[in-house]
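Beneath this line is the structure, given in structure tokens, with notes to follow.
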Amino acid sequence: MPLAAFAQAPAARTEIAELIAALGESGCRFERNGTWYDAAEAKAHLQRKYDWLNKRGLAATPELFIERAASRSSMSGRAYHVRCPGQVDRASADWFRDRLERRRAGAK
């Protein structure tokens with residue numbers, strides 16, 4: 001497949017970068033494979049996953065990033081979770097979808 005087929009729209013790159021940054025700045029904890037990590041560690045982990053997927057043309061949209069990188073472990077298949085202060089734990093996919101919806105609606 002030609003490299004151009006993997007091109008990612010600048011708007012998609014921006015949205016994905018903002019989603020990853022939002023987690024890093026959130027003060028939330030991130031659970032993967034039974035261990036809770038702070039927001040900075042979670043941000044670094046998801047950035048590595050995104051970089052790997054993006055090089056292969058597998059995260060062309062924020063929705064694909066959420067599905068393929070931010071929802072579950074690619075090793076164990078276990079779902080990721082987010083725990084924010086004063087809130088109940090939730091599936092990370094839901095947390096990221098909510099952030100994306102708010103961004104697109106103009107709320108930061």
Acute angle (nearest 10 degrees) that the helix 92-104 long axis makes with the longest principal axis of the chain, alpha-carbon atoms:
70
Rounded to the nearest 500, the 222 nm mean residue ellipticity computed for the chain from DSSP H runs (n ≥ 4, each -39500 (n - 2.57)) alone is -14500 deg cm²/dmol
Using alpha-carbon pairs under 8 Å, 6+ residues apart, how would you state the relative contact order of the chain in percent?
27
For semi-axes √(5λ) of the Cα gyration tensor in Å, with candidates (1) 27, 14, 12; (2) 23, 17, 11; (3) 37, 15, 10, the value calculated from the shown model is option (2)
Rounded to the nearest 10, the angle in degrees between the Cα long axis of helix 10-25 and the longest principal axis of the Cα atoms of the chain comes to 20
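Every number in this text was worked out from the coordinates using simple rules, so none of it is lab data. Values in this document were obtained by computation on a predicted structure and should not be read as measured data.
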